[in-house]
Amino acid sequence: MKHNFYLLVIIIMCFSCGQGDYIPKPKAYLRLDYPEAQYKKINAEVPFYFETNNLVSKIKYKNLAAAKESYGINIEYPSLKGTIFITYKAIEGDSKILTEYLRDAQKFTLEHTVKADEIPVFPYENKERKVYGVFSEVKGNVASPAQFYVTDSIQHFLVGSLYFYAKPNYDSILPAANYLQKDMIHIMETIVWK
């Protein structure tokens, strides 16, 4: 009886161990696939037009000041939980106003240096359409991971910033931020003053 028990244990042990190497499973990473951007021209009752992604569900326009031409445009991406806020202000040939607007736009970006890991700045220039500006990518746990401004230096000044409807966590929003930053650059590159 004891021999049968030991024989049974040995047989179970032999057949219970499988043949082959065991490899631990790799860590899983979130895969976010966004649709390839397709752009359409936006031509509203503002002194410029540009192209925006078809992924945009709503574009809201606001007249910000009755005395001067000043407009706010919110380009909403609900599926990415983000919005690009654009503000347009007329310069009307006043170099002091242009200097003030440039200082404010640069100050806004520099306010993020407290929390930002890095702020690469990319100048933009299109002499043919008279569009000059800067795109700033703000890396780190910041409220606005990207900003830009463009001007023709005479009549028009436009500033844009990206915000998400979530607490800033750079690693979590990075894929969406990268996608929307490409849209912001496309907006800069397609602006035409009227």
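When you look at Y77, is it closer than 21 Å to Q38 by Cα and in contact with an Asp or Glu (Cβ under 9 Å, 6 or more places away or on another chain), yes or no? Steps first, answer last, please.
Values: closer than 21 Å to Q38 by Cα: yes; in contact with an Asp or Glu (Cβ under 9 Å, 6 or more places away or on another chain): yes.
So Y77 fits the description; yes.
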Selection from the range 133-152 of residues that are modelled with pLDDT under 95 and of a type in the set (V, I, T): V138, V142
Which listed residue, of D104, D117, is modelled with pLDDT of 85 or more, farther than 19 Å from Y165 by Cβ and in a strand (DSSP E or B): D117
So K96, is it exposed (fewer than 11 other Cβ atoms within 10 Å of the Cβ), basic (K, R), at pLDDT 70 or above and assigned to a helix (DSSP H, G or I): yes
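Counting just the residues of the range 120-138 that are part of a strand (DSSP E or B) and hydrophobic (A, V, I, L, M, F, W, C), which one comes out nearest to Y179 (Cα to Cα)?
Taking the range 120-138 first, the residues part of a strand (DSSP E or B) are 121-126, 131-137.
Retained after the next criterion (residues that are hydrophobic (A, V, I, L, M, F, W, C)): 121-122, 131, 134-135.
Details: V121: 18, F122: 17, V131: 23, V134: 18, F135: 15 Å.
Looking at residues that are part of a strand (DSSP E or B) and hydrophobic (A, V, I, L, M, F, W, C), I get F135.
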Positions within the range 70-93 being surrounded by fewer than 17 Cβ atoms within 10 Å (Cβ to Cβ) and in a helix (DSSP H, G or I), in sequence order: P78, S79
Matching residues in the range 176-189 - criterion: being buried (at least 18 other Cβ atoms within 10 Å of the Cβ) and either outside any helix (DSSP H, G or I) or β-branched (V, I, T) (or both): I187
Test: residue in the range 149-169 that is surrounded by 15 or more Cβ atoms within 10 Å (Cβ to Cβ), over 21 Å from G72 (Cα atoms) and in contact (Cβ under 8 Å) with a residue 12 or more places away in the chain: yes
Where T113 falls short, out of the listed (1) under 22 Å from I75 (Cα atoms); (2) out of contact with any Pro (no Cβ under 6 Å at 6 or more places or on another chain): (1)
Conditions (1) over 14 Å from the mean Cα position of the chain (by Cα); (2) hydroxyl-bearing (S, T, Y); (3) at pLDDT 95 or above: number failed by S161: (1)
The one condition in (1) among the charged types (D, E, K, R); (2) at pLDDT 70 or above; (3) surrounded by fewer than 10 Cβ atoms within 10 Å (Cβ to Cβ) that K58 fails to fulfil: (3)
Residue list for the range 153-173, restricted to those being part of a helix (DSSP H, G or I) and out of contact with any Gly (no Cβ under 9 Å at 6 or more places or on another chain): D171, S172
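Scanning for something touching a Ser or Thr at 6+ places or on another chain (Cβ under 8 Å) and surrounded by 14 or more Cβ atoms within 10 Å (Cβ to Cβ), does the range 121-129 turn up at least one residue? Lay out the reasoning, then the answer.
Step one: of the range 121-129, the residues touching a Ser or Thr at 6+ places or on another chain (Cβ under 8 Å) are 121-122.
Applying the additional criterion that residues be surrounded by 14 or more Cβ atoms within 10 Å (Cβ to Cβ) yields none.
No: zero hits.
The values are calculated or read from the model by the stated rules, or taken from the named source; none is laboratory data. As the structure is a computational prediction, the values presented were derived from the model and not from experiment. Every residue, glycine among them, receives a Cβ derived from its backbone with ideal geometry; neighbour counts consider all protein chains shown.
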